[in-house]
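Working notes for the structure below.
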Amino acid sequence: MSEDHATEIADPAEPASADHWLARAQVLLVDDSRMMRAVLKKALGEIGFRNVVEAVDGGDAVAKMLAAPFDLVLLDMEMPVMTGLEVLAAMNLAPDLKGLPVIVISGADQIDMAVQCIEAGAEDYLTKPPNLTLLRARVSTSLEKKRLRDLERLRLLQLQAEKELVEREREKSERLLLNILPSAIAGRLKGGEKSIANGHEIVSVMFADLCGFTALSRKTTPADLVSMLNGIFTAFDHIVEEHGVEKIKTIGDCYMLVGGIPLHRDDHAAAVAECALEMLDALAALNRETGTELQMRVGIHTGPVVAGVIGKIKFTYDLWGDTVNVASRMESSGQPGRVHISEQTEAQLRGRFLLEDRGFVECKGLGPVKTFFLNSPVSAG
């Protein structure tokens, strides 16, 4: 082994056999006397140490400790460059060296100085020349203490790593939950509610369906088709988030959203109307970028719904009621590039948007229904 580097650090989790630790321990022997280093190194070898690195003074000792890991330091007190007390002070300033056990080696007339070294952080002391039995007992005790400290530190690091892993998994789960549920509903589920269903007296539901997408899919590769649909719906998601309404789901090339739930807002119809107009603009912009000619029918209806969470393995937040069905009929009976709204939605938007009376339109399952086209917000000027 090189004098400058310890090749192996004892594993703190291994059995605490005295012979095992002595043979594996990396020891730094610090003394300015070559003769005393030879005496101490021979004594260490006789009790089982195999890995001993020598330092000729305090400065050399600090440099070696910072450069390589050790399990134990035998430290002379009276040395040039740095005394034993100064070495201990330097070790206390270095976070990586604070837990390193030190046994000071003193003369019989230096007991007071040895006490100062112990007060400064040394584990124990021995007088020169050391008694082999006493040397073995004190170094074994110091190494065992270090092993226990290292083991405790390892356990703390493992606990911290486990805590961080749990926190990351919790955050990941929350992000996934928020991707499929409104934040207020996700919070109720995390709070322990098993069944979530609420009636809402008045909300505005919107369906948007891409026209010609099925025909386009026949001449487009699956990867390009999914990429195109992802680009469109991602643009829609940004609009939904900006206006504070809730995306409910996508069904193929159809996009469904609602305003006014899970938290009520008086301007639910206006917020949904603004989303619808901006989505048409976003689709037009994407057409210009991609060279496509996709169009979209949009339908909106206002009324009561029931909203709740279904499923246990895969949660879904969904809406039920006639309002949902009528909104779907507004979309299917509308025209490409137009926002088709019911009379109930028109009543909510009157005076705030420019509306075009379409008259009565035959809607499947509903018969003739009075409807309107939404054109644009009323100018503030």
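The values are calculated or read from the model by the stated rules, or taken from the named source; none is laboratory data. Note that the structure is predicted; figures quoted are calculated from it, not measured. Cβ: placed from backbone, ideal geometry, glycine included. Neighbour counts: every protein chain shown.
Candidates in the range 239-274 are the residues that are assigned to a loop (DSSP other than H, G, I, E, B) and among the hydrophobic types (A, V, I, L, M, F, W, C); of these, the one that is surrounded by the fewest Cβ atoms within 10 Å (Cβ to Cβ) is L263. Scanning the range 87-115 for residues that are more than 44 Å from the chain's Cα centre (by Cα) and at pLDDT below 80 returns S106, G107, A108, D109, Q110, I111, D112, M113, A114, V115. Residues of the range 71-99 that are crowded, with 20+ Cβ neighbours inside 10 Å and part of a loop (DSSP other than H, G, I, E, B): D71, M77, M79. Residues in the range 325-346 include at least one that is assigned by TED's automatic domain parsing to the domain that holds C254, surrounded by 13 or more Cβ atoms within 10 Å (Cβ to Cβ), more than 16 Å from S204 (Cβ to Cβ) and basic (K, R). If you check M296, M279 for being buried (at least 18 other Cβ atoms within 10 Å of the Cβ) and touching a Cys at 6+ places or on another chain (Cβ under 7 Å), only one passes: M296. For the range 180-230, which residues satisfy the criterion of being modelled with pLDDT under 80, surrounded by 16 or more Cβ atoms within 10 Å (Cβ to Cβ) and of a type in the set (S, T, Y)? Of everything in the range 180-230, just one residue is modelled with pLDDT under 80, surrounded by 16 or more Cβ atoms within 10 Å (Cβ to Cβ) and of a type in the set (S, T, Y), namely S217. Within the range 116-157, if we keep just the residues that are of a type in the set (K, R) and in a helix (DSSP H, G or I), the residue that is modelled with the highest pLDDT turns out to be R155.
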